[in-house]
Amino acid sequence: MELACPRCAQVDQVQSVPAVFQAGQTTYRVQGSMTAIPAGDGVVYTATAHRGVSVTATAAALNPYPVVRGGGCFLTLALLLLVPAFVFVSFANDVLAENPAPTAGGRVGAAIGAWIFPFGAFALVALFAVLFVLRLRRNARIRRGIPDALEYWRQAWFCHRCGGVFFPRGDLMPAAEFRGRVWRAGGYAGLKPGR
């Protein structure tokens with residue numbers, strides 16, 4: 001199917017948005033140099049390698065949905081901080097039990113001083129737990145909206161000559177405006193692309 005661009009009225013530089021998006025992604029693998037590592041009576045040779053995906057600016061601008069990012073780092077930090085939090089609670093209890101203050105004001109001050117670190121540690125645990133839950137909710141919102149966004153996205157065409165996107169019998173629009181429309185169709189228009 002050939003469609004003419006609504007601005008330049010040419011068909012030779014018009015391509016479907018999914019085709020432009022796919023063509024703008026290249027998988028690569030970089031092989032590093034060999035390194036000899038002594039091992040026992042011999043030598044072991046190792047090489048470094050890196051794999052990735054290179055994305056053109058056009059393909060990035062036509063991305064139909066935000067990147068789904070993992071939240072495991074937040075959960076790991078929350079769980080790791082639980083250990084020092086409970087250690088701080090133990091220390092606070094020991095300090096208050098071994099050093100009772102003679103006055104009521106002294107007891108209040110000692111309690112506040114002893115519980116600053118446990119409170120701070122539990123506040124960090126709560127912060128990372130909340131960030132983990134927010135990341136899960138964001139990812140679920142994206143996953144729910146992907147089918148609707150893709151349905152809308154697949155109907156569009158891109159003119160390489162004009163650098164814009166259009167729908168059949170529609171006007172040319174910038175890629176950023178198109179992406180905003182696609183993301184609204186998916187229900188995740190307010191999300192940032194990489195967060």
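The values are calculated or read from the model by the stated rules, or taken from the named source; none is laboratory data. Please read these numbers as outputs of a predicted model, since none were measured by experiment. Ideal geometry is used to build each Cβ from the backbone, glycine not excepted, and the neighbour counts take in all protein chains shown. When the accessible area is computed, the model is the full protein with side chains, heavy atoms only, and any ligands, DNA or RNA have been set aside. Shrake-Rupley method; radii C 1.70, N 1.55, O 1.52, S 1.80 Å.
Being in a strand (DSSP E or B) and either open to solvent by 50 Å² or more (accessible area, probe 1.4 Å) or touching a Cys at 6+ places or on another chain (Cβ under 9 Å) (or both) is the filter here; which residues of region 161-177 pass it?
Listed by number, the residues that qualify are G164, V165, F166, P174.
Pairs please, first residue from region 65-89 and farther than 15 Å from L131 by Cα, second anywhere and small (G, A, S) and surrounded by 15 or more Cβ atoms within 10 Å (Cβ to Cβ), Cβ atoms under 8 Å, 6+ apart in sequence or on different chains.
Qualifying pairs under 8 Å: Y65/G145; Y65/A149; Y65/G186; P84/A121; A85/A121; F88/A121.
Just one of the numbered conditions (1) part of a helix (DSSP H, G or I); (2) open to solvent by 70 Å² or more (accessible area, probe 1.4 Å); (3) at pLDDT below 90 is not true of P100; which one?
Against the list (1) part of a helix (DSSP H, G or I); (2) open to solvent by 70 Å² or more (accessible area, probe 1.4 Å); (3) at pLDDT below 90, P100 comes up short only on (1).
Under the condition of being modelled with pLDDT of 90 or more and either of a type in the set (V, I, T) or part of a helix (DSSP H, G or I) (or both), which residue from region 13-41 is farthest from A57 (Cα to Cα)?
Here the residue is V14.
Of the conditions (1) within 24 Å of G24 (Cα to Cα); (2) open to solvent by less than 50 Å² (accessible area, probe 1.4 Å), F132 satisfies every one except a single condition; which number is it?
Here F132 meets the rest and fails (1).
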